[in-house]
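S.K.: Below: one structure in structure tokens.
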Amino acid sequence: MTDIMRNGPVNPVKIQDNTLRDGHQSIYATRMRTEDMLPIAEQMDEMGFWAMEVWGGATFDTMHRFLGEDPWERPKILKKYIKKTPFTMLLRGQNLVGYRNYADDVVRAFVDKSCEVGIDIFRVFDALNDIRNFETCVERIKANGKHFEGAICYSLTQRHLGGDVFNMEYYLKMTKQLEAMGADSIVIKDMAGIVSPYDIYDLITEMKKVTKIPLHLHTHYTSGMASMTYLKAIEAGVDIIDTCLAPYALRTSMPAIEPLVVSLEGTKREIKMDVLKLIKLGEHLERIAPKYEKHLASNKLSLIDAAVLAHQIPGGMISNLVSQLKEMNAVERLDEVHAEIPRTRKDAGTPPLVTPTSQIVGVQAVMNVIGGRYKMINNQFADLVYGLYGKTPTPIDPEISKVVLKRHKRGQTPVTGRPADYLEPELEANKKKIGDLAKTEEDLLTYSLYPATGEQFLKWKYGIEPMPDSVKPAPAPEDKK
């Protein structure tokens, strides 16, 4: 045991549990139903987690499309069972829980309603790390007296921290910007699992020198480095880490909580949790596993994707690329797409590869390989180059911009202002479009975020059309409260 972990004041690591959101999103395509969360909800509330992530990310999309559940009900139901532990959600800034920037009126209404249904902590990120896309969210989070966790999307342009773009100066600058914006905590969001142990040690050490607010680390096990990375981050003084119960951990999910509890026993960073109780909670997840196993990736023997150490492409992005190429009968060209992605990414201003920029860059890279470079232009890629997603980490080459925007419907000269300033209010127009089908504010927001699938869900919800058996949820569990 190193002196740094043994000596000094006692400072237990705080744990955010991601089992009920990012855990099943990462390994089961976000298909876990609310009914399967309830049998262990009260016991999880007793564990002493700093927070539990239960919403946001892809849950909103998946619940209304594939599970036949109203997304707004999940936090309300869970709050009846989980009374002490704060709820946190992942919010994509001006993208909310969708895939484009929404107008400010939608953003304000969404955040207000999220606070009302039970969200206490908002982890806010922007795919370009453009904090102008945080502004409207943060204003409403603060107005509601909730916790604003500012996220920095971790990215690299080489194997380790450094280089011309994603270097120490870049991350420290954003740390200061988020603190100035009023962040109550700051999280390093490593969506691809590419932050290495010694890099995170250096990064946390330097961030601690420029801010006093709590630092949080989120990473994925994709590359196999995550547990090692957590130990070095803990040595450096990170305050909070994200984990999952063992059955929903590893693979492309987070590290498991149970080994970390045992690893830190007897140190000043000891996690005060009963590992036997954690194991018992995991037994429930094992019992329900057959219900979801069809969603578990089983095409590889390895539990990690060692290739991500080389190409740094998030797992979800790779599966999308393969799906696209299958549709085009061109799966054999995947290696060409892997080689094209860094070039397309650089052309697009070197965005971090996270939703939605990972999909945008990936789709355009496939088009570049299949049809020739920029012979076909994806509309979202054109919007990214035009500036509708925000300021990119590096400038976009004017020649590339000219080619991409040649026939762009919005114009040929990129905009430089805050993206939402170019969007007209949406709620009133949406209210007229959906009419009486939206019976609540939640219904209107569901439709505003997802017009096509949201309208379909509302028809199911109110019995206008029968819900297909493939999405029909089981009967609601009896409310024992």
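The values are calculated or read from the model by the stated rules, or taken from the named source; none is laboratory data. A quick note: this is a predicted structure, and the numbers were derived from the prediction, not measured. Methodologically, a virtual Cβ is constructed for each residue, glycine included, from the backbone with ideal geometry; neighbour enumeration extends over all protein chains shown. The accessibility values were calculated without ligands, DNA or RNA, using every heavy atom of the protein model including side chains. Shrake-Rupley method; radii C 1.70, N 1.55, O 1.52, S 1.80 Å.
S.K.: Go through 402-408, 362-368 and give me the packing order, highest mean Cβ count within 10 Å leading. Mind showing how you got there, number by number?
M.R.: Numbers: 402-408: 15.3, 362-368: 24.6.
In descending order of packing, they fall as 362-368, 402-408.
S.K.: Over the chain, with the other protein chains present, what is the accessible area per residue in square angstrom, probe 1.4 angstrom? Mind dumping the intermediate values first?
M.R.: Working: 20270 Å² over 481 residues.
Roughly 42 Å² per residue, with all protein chains present.
S.K.: Over the stretch 326-481, one equal point on each Cα, no solvent: what is log10 I(q)/I(0) by the Debye formula at q = 0.08, 0.10, 0.17, 0.18 Å⁻¹?
M.R.: -0.38, -0.57, -1.01, -1.04
S.K.: Out of every Cα pair in the stretch 1-103, what percent are spaced more than 24 Å from each other? Don't jump to the answer; show the numbers that get you there.
M.R.: Working: 1686 of 5253 pairs.
Result for the distance tail: 32 percent.
S.K.: Could you give the spread of the C-alpha atoms of the stretch 115-163 along their three principal axes, from largest to smallest, in whole angstroms?
M.R.: 43, 19, 13
S.K.: Let me see the pair-distance distribution of the stretch 189-235: every alpha carbon pair, 10 Å bin width, integer percents in order.
M.R.: Calculated over all Cα pairs of the stretch 189-235, the distribution is 28, 56, 15, 0 percent.
S.K.: Keeping every protein chain in place, order Phe122, Phe66 by accessible area at 1.4 Å, biggest value first, i.e. largest first. Intermediate results must be reported in sequence, preceding the final value.
M.R.: On the way: Phe122 0, Phe66 75 Å².
These residues rank, largest area first, as Phe66, Phe122.
S.K.: How would the stretch 211-278 be classified by its alpha-carbon gyration tensor: rounded, prolate or oblate, with rounded meaning a/c under 1.5 and the a/b versus b/c comparison settling the rest?
M.R.: Values: a/c = 1.80, a/b = 1.11, b/c = 1.61.
Since a/c reaches 1.5 but b/c is at least a/b, the shape of the stretch 211-278 is classed as oblate.
S.K.: Rank by packing, highest mean first: peptides 377-385, 54-62, with packing defined as the count of other Cβ atoms within 10 Å averaged across residues. Present the calculation step by step, with values, prior to reporting the outcome.
M.R.: Values: 377-385: 20.6, 54-62: 22.4.
Result, highest mean Cβ count within 10 Å first: 54-62, 377-385.
S.K.: Once the Cα atoms of the stretch 126-202 are picked out, what are the Rg and Dmax in Å?
M.R.: 13.4, 41
S.K.: Filter the DSSP H helices in the chain by two things, a Kyte-Doolittle mean of at least -0.5 and an axial alpha-carbon span of 18 angstrom or more, and list the hits by number. It would help to have the intermediate numbers written out before the result.
M.R.: Details: long enough: 104-117 (20 Å, 0.05); 168-181 (20 Å, -0.46); 197-210 (20 Å, -0.31); 275-287 (19 Å, 0.08); 315-327 (19 Å, 0.11); 334-347 (19 Å, -1.29); 357-371 (21 Å, 1.11).
What comes out of the filter, once short or polar helices are dropped, is 104-117, 168-181, 197-210, 275-287, 315-327, 357-371.
S.K.: Shape verdict for the chain, please, from the Cα gyration tensor: rounded (a/c under 1.5), prolate (a/b greater than b/c) or oblate. Intermediate values should be presented prior to the final figure.
M.R.: On the way: a/c = 1.40, a/b = 1.10, b/c = 1.28.
Taking the square roots of the gyration eigenvalues as a ≥ b ≥ c, the chain is rounded.
S.K.: Please give the direction-averaged projected area of the C-alpha convex hull for the stretch 142-249, in square nanometres with one decimal. Intermediate values should be presented prior to the final figure.
M.R.: On the way: hull surface 29.0 nm².
Value for the stretch 142-249: 7.3 nm².
S.K.: Also: Taking the convex hull of the Cα atoms, report for the stretch 243-333 its projected area averaged over all directions, in nm². Working shown, then result.
M.R.: Details: hull surface 32.9 nm².
Quarter of the Cα hull surface area: 8.2 nm².
S.K.: Relative contact order for the stretch 387-441: what is it in percent, counting Cα pairs under 8 Å that are at least 6 residues apart?
M.R.: Across the stretch 387-441, relative contact order equals 41 percent.
S.K.: Share of the stretch 369-428's accessible area from carbon and sulfur, percent, 1.4 Å? Before the final figure, lay out each step's value.
M.R.: Numbers: 1840 of 3600 Å².
Here it works out to 51 percent.
S.K.: Of the accessible area of the stretch 187-281, with the probe set at 1.4 angstrom, what percent is carbon plus sulfur?
M.R.: C and S atoms contribute 58 percent here.
S.K.: Follow-up. Relative contact order of the chain: what whole-number percent is it, with Cα pairs under 8 angstrom and at least 6 residues apart? Spell out each step's value before the answer.
M.R.: Values: 822 pairs, mean separation 86.3, N = 481.
Result for the chain is 18 percent.
S.K.: Rounded, prolate or oblate: which one fits the stretch 31-77, using the alpha carbon gyration tensor with axes a ≥ b ≥ c (rounded when a/c is under 1.5, else prolate when a/b beats b/c, else oblate)?
M.R.: prolate
S.K.: Using heavy-atom solvent-accessible surface (probe 1.4 Å) with all chains present, what is the largest-first order of Arg410, Arg65?
M.R.: On the way: Arg410 110, Arg65 90 Å².
Listed by decreasing accessible area, they come as Arg410, Arg65.
S.K.: Above 15 angstrom, tally the Cα pairs of the stretch 385-435 and express them as a % of all pairs, no decimals.
M.R.: Numbers: 722 of 1275 pairs.
Beyond 15 Å sits 57 percent of the P(r) for the stretch 385-435.
S.K.: In addition: Probe radius 1.4 Å, ligands and nucleic acids ignored: give me the carbon and sulfur share of the accessible area of the stretch 1-102 as a rounded percent. Show your work: numbers first, answer last.
M.R.: On the way: 1630 of 3080 Å².
Carbon plus sulfur share of accessible area: 53 percent.
S.K.: Report the relative contact order of the stretch 420-471, percent, no decimals, based on alpha-carbon pairs under 8 angstrom and at least 6 residues apart. Don't skip to the end; give the middle numbers.
M.R.: Values: 27 pairs, mean separation 12.7, N = 52.
Taking the mean separation of contacting Cα pairs over the length of the stretch 420-471, I get 25 percent.
S.K.: Given only helices, namely DSSP H runs of n ≥ 4 each adding -39500 (n - 2.57), what is the per-residue ellipticity at 222 nm of the chain, to the nearest 500 deg cm²/dmol? Please report the intermediate quantities before stating the final value.
M.R.: Details: 22 runs with 203 residues, N = 481.
When only DSSP H runs of four or more count, the value is -12000 deg cm²/dmol.
S.K.: Counting every Cα pair in the stretch 337-377, what percent are over 17 Å apart?
M.R.: Cα-Cα pairs of the stretch 337-377 separated by over 17 Å account for 17 percent.
S.K.: Still on this structure, I have one more. Highest first, please rank the peptides 73-82, 230-239 by the mean number of other Cβ atoms sitting within 10 Å of their residues. Show your work: numbers first, answer last.
M.R.: On the way: 73-82: 19.1, 230-239: 22.0.
Ranked by mean Cβ neighbours within 10 Å, highest first: 230-239, 73-82.
S.K.: Further question on the same structure: Report the dimensions of the stretch 283-382 along its three principal axes from the alpha-carbon atoms, largest first, rounded to Å.
M.R.: Dimensions of the stretch 283-382 along the principal axes of its Cα atoms: 51, 28, 26 Å.
S.K.: Here's a follow-up. Starting from the Kirkwood Rh over alpha-carbon pairs, what translational D in µm² s⁻¹ does the stretch 76-218 have by Stokes-Einstein at 25 °C and 0.890 mPa s? Please list the in-between numbers first.
M.R.: Numbers: Rh = 15.9 Å.
For the chosen part, D equals 154 µm²/s.
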